[in-house]
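What follows is a set of notes on a single structure, which appears directly below.
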Amino acid sequence: MATVAVVNNKKEKVDEVDLREDIFNVPVKVGLLHEVVRWQMARWRAGTACTKTRGEVRGGGRKPWRQKGTGRARQGSIRAPHWVGGGVVFGPKPRDYEFKVNKKQRRLALKMALSARAQEGKLLVVDDFGLDEIKTKKFVEFLKGLGVDDALVVLPERDEVVEKSARNLPKVKVLTADGLNVYDILDYEYLIIKKEALPKIEERLSK
């Protein structure tokens, strides 16, 4: 097991914890990470884009002018695709963009994302945030003490004080250990984990 320092809000070492090698030190495969991020983003897509075909557009029931003798090109409907206000050819229809990624692969990708941050030295374990009230200014000071301004913060459980103190910071996101995912880990430069959240992460990835 690798050992990592547990720091306080001033980045002073106060303890040490062991990180499991099979979770925080696995070989990183970019291809699998990419696949799982695509899978996550596909699941978030609403898939509600919808256009009307010429059969669904209102109007255009009669022939705009007679077939012959006008000197103009023959037309059958003012709702044909080449008319303004006409139907759309091969336009989007409501659909589900989700595709399958095995649970085993998703779990492995999460381990890889955690390992990537650990191997880069951008995984920080903290014992306390030094917050006794909801105060964004104090949370900014906490991040400055760690030398960080772009981070994903992982808590063992919901904490209103931390969540509300961080919610107005554009480069910070707070999640619980249960909601930890590949996309968010890779989307932020640093990963800050509260000490008590580590056993929950390890338990989740041991199943």
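The values are calculated or read from the model by the stated rules, or taken from the named source; none is laboratory data. Source: prediction; values computed, not measured. Cβ: placed from backbone, ideal geometry, glycine included. Neighbour counts: every protein chain shown. These area figures cover heavy atoms from the full protein model, side chains too; ligands, DNA and RNA do not enter into them. Shrake-Rupley method; radii C 1.70, N 1.55, O 1.52, S 1.80 Å.
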- Return one number: the angle in degrees, 0 to 90 and rounded to the nearest 10, between the long axis of the Cα atoms of helix 103-119 and the longest principal axis of the Cα atoms of the chain. 50
- Message: How high is the relative contact order of the stretch 1-121? Use alpha-carbon pairs under 8 Å, at least six apart in sequence, and give a whole percent.
- Response: 33
- Note on the structure: Candidates for Rg and Dmax of the Cα atoms in Å are (i) 16.1, 48; (ii) 26.8, 93; (iii) 19.1, 61, and the calculated one carries label (ii)
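Using a simple charge model, +1 on the beta-carbon of Lys and Arg, -1 on the beta-carbon of Asp and Glu, nothing else, what dipole does the stretch 4-77 show about its Cα centre, in debye to the nearest 20? Don't skip to the end; give the middle numbers.
Values: 17 positive and 8 negative charges, 377 e Å.
It comes to approximately 1820 debye.
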- Message: What distance in nm lies between label points placed 7 Å from Cα along the C-beta direction at R58 and R45?
- Response: 3.0
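How big is the antiparallel share of DSSP beta bridges in the chain, given as a percent to the nearest 5? Don't skip to the answer; put the middle values down first.
On the way: 6 of 21 bridges.
Percent antiparallel among DSSP bridges in the chain is about 30.
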- Task: Rank-order 67-77, 31-41, 151-161 by packing density, defined as the average count of other C-beta atoms within 10 Å over each peptide's residues, highest first.
- Result: 151-161, 31-41, 67-77
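Place a +1 charge on the Cβ of each Lys and Arg in the stretch 71-207 and a -1 charge on the Cβ of each Asp and Glu, then give the dipole magnitude about the Cα centre in debye, rounded to the nearest 20. Intermediate values should be presented prior to the final figure.
Values: 27 positive and 21 negative charges, 244 e Å.
So the dipole magnitude of the stretch 71-207 works out to roughly 1180 debye.
Considering only protein heavy atoms, what per residue accessible area in square angstrom results for the chain with a 1.4 angstrom probe? Don't jump to the answer; show the numbers that get you there.
Values: 12710 Å² over 207 residues.
That works out to 61 Å² per residue.
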- Item | Dimensions in Å of the stretch 96-201 - Rg and Dmax from alpha carbons | 14.3, 45
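Report, to the nearest whole %, how much of the accessible area of the chain belongs to carbon and sulfur atoms, 1.4 Å probe, protein only.
Details: 6140 of 12710 Å².
For the chain, the apolar C and S fraction of the accessible surface comes to 48 percent.
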- Lys/Arg +1, Asp/Glu -1 at C-beta; the chain dipole; positive extreme among G147, V162, L108: L108
- Task: Sum -39500 (n - 2.57) across every DSSP H segment of at least 4 residues in the chain, then divide by the residue count to get the 222 nm mean residue ellipticity, nearest 500.
- Result: -9500 deg cm²/dmol
- Length-normalised contact order of the chain in % [C-alpha pairs under 8 Å, at least 6 apart]: 24
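Within 14 Å, Cβ to Cβ, of P94, how many net charges do the neighbouring residues add up to if Lys/Arg are +1 and Asp/Glu are -1? It would help to have the intermediate numbers written out before the result.
On the way: positive: R45, K52, K93, R95; negative: E56, D96, E98.
My count for the surroundings of P94 gives +1.
Anything over 28 Å Cα to Cα? Flag those among K52/K173; K93/K173; K10/K135; K13/K104, in the order listed. Working shown, then result.
Details: K52/K173 39 Å; K93/K173 34 Å; K10/K135 17 Å; K13/K104 35 Å.
Over 28 Å apart, Cα to Cα: K52/K173; K93/K173; K13/K104.
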- Message: Going Cα to Cα from K111, which aspartates and glutamates come in below 17 Å? Please leave out same-chain ones fewer than 8 positions away.
- Response: D18, E21, D22, E35, E120, D178, D184, D187, E189, E202, E203
